[in-house]
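First the structure, in the form of structure tokens, and then the observations on it.
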Amino acid sequence: MDDQRIIERTTVMKDIKIAATNVNVFYGDTHAIKDVSVGIEDKAVTAFIGPSGCGKSTFLRCLNRMNDTIDIARIEGKIELDGEDIYDKRVDPVQLRAKVGMVFQKPNPFPKSIYDNVAYGPRIHGLSRNKAELDEIVEKSLRRGAIWNEVKDRLDQPGTGLSGGQQQRLCIARAVATEPEVLLMDEPCSALDPIATAQIEELIDDLKQRYSVVIVTHSMQQAARVSQKTAFFHLGDLVEYGETGHIFTNPEDSRTESYITGRIG
Amino acid sequence: MTDATITPVPSPPKTPLTEADPRTKKRNAAEKRFQYYGIAAIAVGLFFLIVLMVSIVRSGLPAFTQAVVSVDFTLTEEQYDEAEAQLFKTAAYQSYFNAVLREELRERGLDVDFDEAAIERILGKTGGTLREFFRANEDQLGQPVSFELSASSRVDGYFKGRVTREALQDSRFLQQSDLDLVDALADAGIVFSALNWNFITGADSGVDNPGGAGIGASVVGSFFMMLVVLFLSLPIGVAASIYLEEFAPQNKFTDLIEVNISNLAAVPSIVFGILGLAVFIQFMHLPQSAPLVGGLVLALMTLPTIIISTRASLKAVPPSIREAALGVGASKMQAVFHHVLPLAMPGILTGTIIGLAQALGETAPLLLIGMVGFVARGYPDGFVAGFTDPNSAMPAQIYTWAARADVSFYEKAWGGIIILLVFLLTMNAIAIILRRRFERRW
């Protein structure tokens with residue numbers, strides 16, 4: 001039934017938001033990403049799938065230079081955001097990360113109030129001139145994170161007191177509060193129950209109207225449900241990249257087929 | 001493989017769940033034993049703590065009281081002029097005082113005879129004190145002035161049970177007959193035990209005057225030192241740890257620094273004292289015996305403790321918080337100062353208070369920079385204290401007293417320990433309150 005839906009999905013060519021060309025990542029002596037080239041579309045959901053340790057999270061973290069924080073990581077190749085090389089010496093990673101937001105595997109709200117969690121990004125980037133504007137941004141972001149109705153009466157309570165699914169949606173709200181252009185999600189549902197997962201997936205579907213979303217997931221069903229494009233990573237190689245429907249129904253590479261049918265991974 | 005016959009595996013015998021098998025019994029016994037060891041260890045610790053506290057309090061409390069002689073004394077102007085005209089002026093005052101005391105006893109119907117020497121043994125040379133007072137306050141002449149004179153340390157000891165009649169041998173310090181006089185004076189309410197304020201607020205006296213010794217000056221000295229330690233080692237230590245933990249690259253050089261900091265924490269404190277003497281006093285020519293120098297030396301000693309504990313508490317902050325902050329576009333410094341540091345604050349405060357407590361109790365380095373055995377300027381009418389004025393510190397003062405010959409100083413040493421502990425507890429209480437506040441905020 002699901003498969004049917006995937007086949008019927010129309011494929012529309014969209015602008016390329018992020019273009020990665022021949023990206024290699026090394027962790028010390030380990031060659032973690034091998035010569036990966038991929039074009040990530042704007043206003044679409046791209047899923048990275050693959051077995052554990054295949055490099056999909058590593059690659060995701062290259063897209064907003066989060067790997068910079070790891071001393072031994074070394075990156076070669078070129079990643080362009082709207083035609084600008086993000087690894088250019090003149091690029092400040094802080095500015096880049098405001099444009100390329102990130103949601104992590106484990107919900108990680110700051111141990112502060114719900115309001116302050118969302119307001120933190122706009123505050124440090126100076127996105128609001130006064131309290132009223134900030135209030136507006138917070139409300140808008142929480143609405144986009146599909147959590148406004150649940151927390152609007154307790155904005156001053158700690159974000160860490162929410163349930164796991166709520167925390168993750170709060171983190172998504174926090175990420176969209178800085179008005180990013182790309183939203184990176186590193187297995188955002190792996191710590192959540194099915195109901196919370198469904199809520200997040202619905203949210204991701206919504207978010208693609210506005211942002212380019214890249215999601216790393218272990219769940220092939222999830223990739224099939226939410227993404228338009230899918231990239232399959234295996235042992236640091238990008239094995240196959242294409243329309244989600246195509247990858248799941250008619251993979252070209254035998255390794256992709258083995259993985260999606262559950263024979264490797 | 002060729003063996004075709006399959007021997008059936010005998011099913012294990014059924015054991016009832018309600019009965020523990022030998023293995024379980026053994027394990028349970030081991031667990032019980034371990035618990036008893038723990039309880040025993042705690043009990044031993046508590047026992048020694050109680051013994052320590054009781055002995056400190058028992059030996060130290062007498063230091064807070066002092067036997068005093070209270071006499072109303074009137075000196076007329078004629079007597080004053082007459083005394084000042086004599087060759088031995090204080091002797092004249094002494095004889096006036098004796099006459100007053102004699103009169104006082106007769107009025108109360110007490111028939112005890114005493115000579116001047118007995119009074120001197122009991123009260124010391126009173127004449128000098130009286131003369132000094134009246135020379136400074138000539139307007140008090142002709143009016144009754146109430147004097148509270150501290151009794152000699154042996155009489156004080158007699159009041160506190162340290163000196164007994166049976167053990168007393170007549171000497172130039174105290175004789176059996178003097179005790180009769182003391183008893184009579186005590187019955188008349190002229191000699192009594194009073195709270196020794198001078199011990200808490202005063203400065204140290206010379207070796208021959210245990211009654212006048214106070215710890216107040218060195219409390220102030222210790223307080224100034226702690227201020228110096230706090231304001232130097234906390235910011236420097238925290239800044240160094242943040243740099244090492246969050247910003248510094250991991251290489252041979254930072255590894256070396258790390259090892260050295262850990263080693264520094266184990267360097268004997270007397271070495272820091274020598275360092276302070278060589279660098280701060282001999283090279284930089286800072287004043288000797290000053291709390292400023294003491295504070296500098298102790299700050300050096302406290303730094304490793306603060307750095308180690310700060311780094312540990314920074315490490316304990318989950319990396320996901322840093323990632324979250326970086327993920328929304330905070331700079332590294334913003335991530336550290338807005339999120340990591342506040343979360344590490346309780347741990348940093350704990351480390352700081354441990355470091356400060358260590359510094360407060362440190363004696364050895366102070367011996368080398370001359371903060372020991374010091375009588376503060378301005379004694380006995382108070383003392384002058386500041387960051388650069390010569391002073392002592394509590395543990396050094398206690399050390400000085402413990403080394404002196406007179407038994408009364410021994411009692412002062414114990415009393416000083418009580419004050420030191422009270423100071424320490426106050427410091428800890430402040431730290432706990434601060435920590436609570438930080439924990440509540442986050």
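Tabulated values for the structure
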{"quantity": "Within region A:187-265, trypsin sites (Lys or Arg not before Pro) in DSSP loop having at most 16 other beta-carbon neighbours inside 10 Å", "calculated": "A:Arg210, A:Arg263"}
{"quantity": "Peptide-level mean, for A:94-102, of C-beta atoms on other protein chains within 10 Å", "calculated": "4"}
{"quantity": "Amide H contacts under 5 Å for B:Thr65, placed H, 5+ residues apart", "calculated": "B:Asn196"}
{"quantity": "Proximal lysines relative to B:Lys412, as straight alpha-carbon distance under 17 Å, when same-chain residues fewer than 8 apart are discounted", "calculated": "B:Lys160"}
{"quantity": "FRET efficiency, A:Asn130 to A:Lys152 (Cβ-Cβ, R0 22 Å, nearest 0.05)", "calculated": "0.60"}
{"quantity": "Approximate spin-label separation B:Asp111-B:Met284, in nm, with each point projected 7 Å along Cα-to-Cβ", "calculated": "7.3"}
{"quantity": "Partner aspartates and glutamates for B:Lys89 [C-alpha distance under 17 Å; skip if fewer than 8 residues away on the same chain]", "calculated": "B:Glu77, B:Glu78, B:Asp81, B:Glu116, B:Glu120, B:Glu132, B:Glu138"}
{"quantity": "Percent of Cα-Cα distances greater than 27 Å, calculated over region B:216-441", "calculated": "41"}
{"quantity": "Hits among lysines - C-alpha to C-alpha of A:Lys34 under 17 Å, sequence gap 8 or more where chains match", "calculated": "A:Lys56, A:Lys78"}
{"quantity": "Segments B:11-22, A:180-191 sorted - mean Cβ within 10 Å per residue, highest first", "calculated": "A:180-191, B:11-22"}
{"quantity": "Using a Förster distance of 45 Å, the FRET efficiency for B:Glu132-B:Phe247 (Cβ separation, nearest 0.05)", "calculated": "0.10"}
{"quantity": "Peptide-level mean, for B:318-326, of C-beta atoms on other protein chains within 10 Å", "calculated": "6"}
{"quantity": "Contour minus Cα-Cα distance for B:Asn263 and B:Gln35 (0.36 nm per residue)", "calculated": "78.5 nm"}
{"quantity": "Sequence ranges B:402-408, B:361-367, ranked by mean other-Cβ count within 10 angstrom, highest first", "calculated": "B:361-367, B:402-408"}
{"quantity": "Trypsin sites (Lys or Arg not before Pro) restricted to region B:132-227 and DSSP loop, no more than 14 other C-beta within 10 Å", "calculated": "B:Arg165, B:Arg172"}
{"quantity": "Virtual spin-label span in nm between A:Asp15 and B:Glu439, 7 Å along Cα→Cβ", "calculated": "5.3"}
{"quantity": "Mean separation of Cα contacts under 8 Å (6+ apart) over length of region B:216-441, as relative contact order %", "calculated": "29"}
{"quantity": "Chain B: most fluctuating residue of B:Phe159, B:Phe383, B:Phe88 per GNM, C-alpha cutoff 10 Å", "calculated": "B:Phe88"}
{"quantity": "Charge dipole of the protein assembly as shown about the Cα centre (unit charges at C-beta), most positive-ward option of A:Pro180, B:Ser55, B:Ile122", "calculated": "A:Pro180"}
{"quantity": "Peptide A:106-118 - average C-beta neighbours from other chains (10 Å radius)", "calculated": "3"}
{"quantity": "Average accessible surface area per residue within chain A, 1.4 Å rolling probe, Å²", "calculated": "45"}
{"quantity": "Gain on full stretching of the segment that runs from B:Leu421 to B:Thr76 - 0.36 nm per residue minus C-alpha separation", "calculated": "119.4 nm"}
{"quantity": "Check: the protein assembly as shown dipole with +1 on Lys, Arg Cβ and -1 on Asp, Glu Cβ, in debye", "calculated": "2500"}
{"quantity": "Relative contact order computed over chain B (Cα-Cα under 8 Å; 6+ residues apart), in percent", "calculated": "18"}
{"quantity": "Extension reserve of the A:Ser254-A:Arg210 stretch, reckoned as 0.36 nm per residue once the Cα distance is removed", "calculated": "12.3 nm"}
{"quantity": "Listed pairs A:Lys131/A:Lys152; A:Lys17/A:Lys99; A:Lys43/A:Lys89; A:Lys112/A:Lys152; A:Lys106/A:Lys229 exceeding 21 Å between Cα atoms", "calculated": "A:Lys43/A:Lys89; A:Lys106/A:Lys229"}
{"quantity": "Cα-centred dipole magnitude for chain A, charges only on beta-carbon of K, R (+1) and D, E (-1), debye, nearest 20", "calculated": "580"}
{"quantity": "Residues in region B:88-102 reached by a label modelled at B:Asp208 [backbone nitrogen below 20 Å; 7 Å Cα→Cβ]", "calculated": "B:88-95"}
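The values are calculated or read from the model by the stated rules, or taken from the named source; none is laboratory data. Here the structure is a predicted model, which means the values were calculated and not measured. As a convention, Cβ positions derive from the backbone with ideal geometry for all residues, glycine included, and neighbour counts pool all protein chains shown. Quick note on the areas: whole protein, heavy atoms, side chains included, nothing else; ligands and nucleic acids left out. Shrake-Rupley method; radii C 1.70, N 1.55, O 1.52, S 1.80 Å.
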